[in-house]
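The values are calculated or read from the model by the stated rules, or taken from the named source; none is laboratory data. Just so you know, these numbers come straight off a predicted model, no measurement behind them. Note: ideal-geometry Cβ built from the backbone for every residue, glycine included; neighbour counts use all protein chains shown. Just so you know, the surface numbers come from the protein's heavy atoms only, side chains and all, with ligands and any DNA or RNA stripped out. Shrake-Rupley method; radii C 1.70, N 1.55, O 1.52, S 1.80 Å.
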Amino acid sequence: MTDAAVEFSDFRVAALAGGVGGAKLVRGLDSVLQPGKLTVIVNTGDDFVHFGLQICPDLDTVCYALAGLADPMKGWGRADETWQVFTSLAELDAPTWFQLGDKDLALHLERTRLLQSGWSLSALTRGFCDRWNIRSRVLPMCDEPFRTRVRTAEGKLLDFQEYFVRERCEPKVQEFVFAHAENIQAAPEVLPALLEADLVVLCPSNPWVSIDPILHLPGIREILQEKVVVAVSPIIQGKTIKGPAAKMFAELGIPPSSLSVLDHYADFLDGFVYDALDREVFQNYDAERIILYGTDTLMKTDEDKTRLAAEVLRFGQNLISRKAP
Ligand code: GDP
């Protein structure tokens with residue numbers, strides 16, 4: 001057993017995650033927690049159907065990361081991928097705005113077959129995770145379809161992948177639309193996993209389109225208000241490492257900064273992890289209710305992920321002991 005595994009032996013954690021940023025911290029948490037003690041609740045608002053196949057980008061990014069199958073450079077998709085089908089599709093003039101590798105495609109094919117034979121997304125994801133020997137539990141946030149849409153300043157309503165991949169996040173955002181979210185139930189294991197957790201971690205994922213869809217499901221916010229919750233900022237020095245989160249804050253009239261991320265979650269947050277480069281941002285912050293922790297949050301290597309995960313967990317344990325009567 002590693003030192004970290006001894007340190008966190010009985011600690012139960014639920015993490016809320018999107019894709020690339022979420023998967024990095026989740027990989028660290030998975031490596032320091034005991035098997036079965038981490039539950040990852042993953043955004044499915046980005047899911048869509050393409051060529052008739054059910055595609056779950058964030059779920060796959062998280063699972064590939066935990067299985068050690070992820071492309072280390074891109075942070076999404078599989079390592080050692082080949083592109084035979086995609087190249088042949090291009091030769092047929094088929095749509096190529098969404099890249100589909102051959103190995104990745106196999107997963108979409110099998111997931112679609114299982115869904116069509118009556119499996120739930122939660123159950124088939126568990127099956128894939130078992131097959132890949134993933135030690136943590138990975139849950140889609142819900143089993144029913146949940147569609148995040150983006151209303152642009154020009155008044156167009158775009159499906160998330162149309163905005164994100166096809167339009168390369170270029171249109172100016174006016175609002176995010178989570179139609180009928182209040183009627184969509186969280187997947188069966190999600191609320192119990194949050195209730196059982198000693199600590200809830202919000203990964204450094206996009207607050208608007210990776211974490212907010214999860215928070216919109218009935219019952220989630222109410223539970224978070226009762227739990228010890230720590231968020232890690234996806235914004236460092238006003239910028240994202242990757243993706244449109246900072247651009248979204250700015251287009252919605254909010255300064256893109258780690259402080260704005262904290263404000264976004266303020267109603268249920270107990271602790272906030274910001275990057276040490278943002279120390280000045282919090283210089284005059286009155287940390288009475290939400291406790292701050294500054295550290296290096298950039299995760300380039302597996303060692304970075306493990307180190308940050310262990311720091312986040314120790315910070316969480318501190319908050320729990322402060323909160324204890
Ligand atoms: P997506 O669904 O693939 O866009 O992934 P997420 O929503 O999970 O992650 C996107 C966010 O991750 C962006 O806002 C990035 O700034 C953030 N991110 C990516 N890598 C890192 C990192 O190493 N450290 C921190 N703090 N944030 C990161």
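Tabulated data
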read-out	value
Of all residues in the range 289-306 being within 16 Å of the ligand (Cβ to nearest atom) and within 30 Å of GLU175 (Cβ to Cβ), the one that is least open to solvent (accessible area, probe 1.4 Å)	THR297
Selection count where residues are within 10 Å of the ligand (Cβ to nearest atom) and either in a strand (DSSP E or B) or not charged (D, E, K, R) (or both), scope the range 226-248	13
From SER257, SER210, SER205, residue being out of contact with any Leu (no Cβ under 7 Å at 6 or more places or on another chain) and more than 11 Å from the ligand (Cβ to nearest atom)	SER257
Sole residue being open to solvent by 70 Å² or more (accessible area, probe 1.4 Å) and either over 30 Å from ASN183 (Cβ atoms) or away from the ligand (no atom under 14 Å from the Cβ) (or both), chosen from ASP286, ASP278	ASP286
Among the residues listed as GLY52, GLY36, GLY18, the single one being within 16 Å of the ligand (Cβ to nearest atom) and modelled with pLDDT of 95 or more	GLY18
Count of the range 42-70 residues which are assigned to a strand (DSSP E or B) and farther than 15 Å from GLY101 by Cβ	4
In the range 280-325, the residues that are aliphatic (A, V, I, L, M) and not in a loop (DSSP other than H, G, I, E, B)	VAL281, ILE291, LEU292, LEU308, ALA309, ALA310, VAL312, LEU313, LEU319, ILE320
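Residue-wise test of (1) over 22 Å from THR297 (Cα atoms); (2) in contact with an Asp or Glu (Cβ under 7 Å, 6 or more places away or on another chain); (3) open to solvent by 30 Å² or more (accessible area, probe 1.4 Å).
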| site | (1), (2), (3) |
| --- | --- |
| LEU215 | yes, no, no |
| LEU224 | yes, no, no |
| ALA231 | no, no, no |
| THR240 | no, no, yes |
| ALA246 | no, no, no |
| GLU251 | yes, no, yes |
| SER258 | no, yes, no |
| ASP263 | no, no, yes |
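Quick grid of which residues meet (1) of a type outside the set (A, V, I, L, M); (2) within 16 Å of the ligand (Cβ to nearest atom):
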{"site": "PHE11", "(1), (2)": "yes, no"}
{"site": "GLY45", "(1), (2)": "yes, yes"}
{"site": "TYR64", "(1), (2)": "yes, yes"}
{"site": "GLY75", "(1), (2)": "yes, yes"}
{"site": "ASP80", "(1), (2)": "yes, no"}
{"site": "THR87", "(1), (2)": "yes, no"}
{"site": "LEU92", "(1), (2)": "no, no"}
